[in-house]
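Engineer: Take a look at the following structure, please.
The values are calculated or read from the model by the stated rules, or taken from the named source; none is laboratory data. The shown structure was predicted, so the numbers you read here are calculated from the model rather than taken from an experiment. As a convention, Cβ positions derive from the backbone with ideal geometry for all residues, glycine included, and neighbour counts pool all protein chains shown.
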Amino acid sequence: MSRQDLISTLEKAASPDLQGHKAIQKAVELYEIIYNKLSPDKLDSILKLAERIRINSLKDNEALPELENIVEITPRDLVMSDFLVSRTAYWVQTIREDMFGVSEPPFDDDLESALSWLETTARIDMESKNPVAASAKKEISKIADQEETRVPFIMRDLFMPAKNNVKSLWVQPGTLLYNLSRKVDNIANATGFKRHAVTVYILTGLAPILPRVNIDLDLGRAEMPVKGSDNEALILAKRSLKIEINTADLSPRELKMIYDQYRKELKIRKTKSLSDEQIRLFYLVYNRGGPPRKGAKAFWEDIKKEWNSNPANKPYTSWEGVYQRFKIVEEKMDGLFFQN
């Protein structure tokens with residue numbers, strides 16, 4: 001059977017969420033590299049690998065720009081993931097025994113039933129008017145003491161995969177799903193596996209894949225009484241990119257791809273850093289209290305005079321030239337932190 005015929009067969013046998021997904025082709029590529037052959041009697045194994053790839057490719061936040069998926073899964077990532085899964089298997093079995101009374105997955109290879117159970121259970125818990133039992137409150141207090149926190153336990157998220165993104169369910173203290181969400185977070189924080197993939201692993205046995213990188217792009221916006229130099233209203237909009245590398249062989253090329261995509265998503269134009277001259281001008285102005293709202297001409301004439309008095313500086317012929325140069329500096333700085 002040719003590769004294309006095999007992919008066509010896999011498409012027909014795949015779940016609705018997996019049909020048409022590039023994870024199928026990626027699974028075929030990885031399977032062929034690992035086993036050095038493609039066999040039609042391994043359809044179930046290839047489909048299972050494809051489902052793992054699909055789930056791992058989903059985003060915790062659907063508004064997050066497409067950054068992580070530009071770094072492709074490699075055979076080394078897969079073997080590292082399976083090795084880590086084997087080392088943490090006892091931990092997961094203990095969780096299942098504690099929560100479900102069995103060491104095997106309660107929804108073995110049945111993702112649809114597992115997700116249906118999560119949503120139904122969360123809905124029932126939310127609709128229940130009964131307060132948390134006294135025994136549950138006692139257990140919650142005990143856990144809070146163990147974690148050395150006095151912050152009351154409140155509702156939290158449990159993450160699960162959907163078709164194209166990751167869904168979050170609100171879960172209440174004292175419930176089975178709340179306990180599950182805590183255990184999922186513990187495993188995810190310790191291993192680097194994604195939370196929704198860990199949830200699936202505990203319930204179905206479908207093992208997670210350790211992403212080569214975890215990327216957190218913070219596009220925080222804060223409504224604050226901030227004014228620009230011309231007294232215009234500004235919105236503080238901090239931007240930061242955090243990259244967690246989970247593999248030893250991430251290449252400079254892959255890092256460059258992430259960086260380029262980050263700039264593309266934020267529409268960052270190519271721009272030079274501030275020059276030494278611009279930095280000196282900035283501090284010259286701000287050490288005098290910053291641009292004035294009144295008496296601007298006299299202020300900038302003084303700035304020009306002081307600037308030109310230093311023979312190391314390139315002289316300005318007019319106060320307008322100094323002012324325009326300073327505006328360029330401010331606009332560059334504003335572009336890093338603010339939105340009009």
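Engineer: Give the number of residues within segment 166-213 that are within 18 Å of residue 94 (Cα to Cα), of a type in the set (Val, Ile, Thr) and under 20 Å from the mean Cα position of the chain (by Cα).
Structural biologist: Number satisfying all stated conditions: 6.
Engineer: Tell me which of these residue 210 doesn't satisfy, since it passes every other one: (1) surrounded by fewer than 18 Cβ atoms within 10 Å (Cβ to Cβ); (2) at pLDDT 90 or above; (3) closer than 28 Å to residue 263 by Cα.
Structural biologist: Failed condition: (1).
Engineer: Can you tell me which of (1) loosely packed, with under 15 Cβ neighbours inside 10 Å; (2) more than 23 Å from the chain's Cα centre (by Cα) is the one residue 88 doesn't meet?
Structural biologist: (1)
Engineer: Follow-up. Since residue 197 meets every condition but one in (1) assigned to a loop (DSSP other than H, G, I, E, B); (2) under 30 Å from residue 263 (Cβ atoms); (3) out of contact with any Leu (no Cβ under 7 Å at 6 or more places or on another chain); (4) modelled with pLDDT of 90 or more, which condition does it not meet?
Structural biologist: Of (1) assigned to a loop (DSSP other than H, G, I, E, B); (2) under 30 Å from residue 263 (Cβ atoms); (3) out of contact with any Leu (no Cβ under 7 Å at 6 or more places or on another chain); (4) modelled with pLDDT of 90 or more, only one is false for residue 197: (1).
Engineer: Moving to a separate point now. Scan segment 120-129 for residues that are surrounded by fewer than 13 Cβ atoms within 10 Å (Cβ to Cβ) and either within 28 Å of the chain's Cα centre (by Cα) or under 19 Å from residue 23 (Cβ atoms) (or both) and jot them down.
Structural biologist: Selection gives 120, 123.
Engineer: Here's another thing I want to ask about it. Taking segment 251-277 as the search range and keeping residues that are modelled with pLDDT of 80 or more and not in a helix (DSSP H, G or I), which one is farthest from residue 313 (Cα to Cα)?
Structural biologist: Ranking the candidates gives 251 first.
Engineer: If only one of 188, 162 is modelled with pLDDT of 85 or more, under 27 Å from residue 20 (Cα atoms) and surrounded by fewer than 21 Cβ atoms within 10 Å (Cβ to Cβ), which one is it?
Structural biologist: Exactly one residue qualifies, and that residue is 162.
Engineer: Considering only residues that are among the β-branched types (Val, Ile, Thr) and part of a helix (DSSP H, G or I), which ones fall in segment 76-131?
Structural biologist: 79, 85, 92, 94, 95, 120, 121, 124, listed by residue number.
Engineer: Another question about this same structure. Can you tell me how many residues in segment 96-116 are hydrophobic (A, V, I, L, M, F, W, C) and more than 26 Å from the chain's Cα centre (by Cα)?
Structural biologist: Total meeting the criteria: 4.
Engineer: On to the next question. Out of all the residues in segment 200-211, which are assigned to a loop (DSSP other than H, G, I, E, B) and in contact with a Lys or Arg (Cβ under 8 Å, 6 or more places away or on another chain)? Give the derivation first.
Structural biologist: First, pick out the residues of segment 200-211 that are assigned to a loop (DSSP other than H, G, I, E, B): 205-211.
Hits for segment 200-211 are 206, 207, 208, 209, 211.
Engineer: Checking the structure you have, find out if any residue of segment 92-111 is in contact with a helix residue (DSSP H, G or I) (Cβ under 8 Å, 6 or more places away or on another chain), at pLDDT below 90 and surrounded by 15 or more Cβ atoms within 10 Å (Cβ to Cβ).
Structural biologist: no
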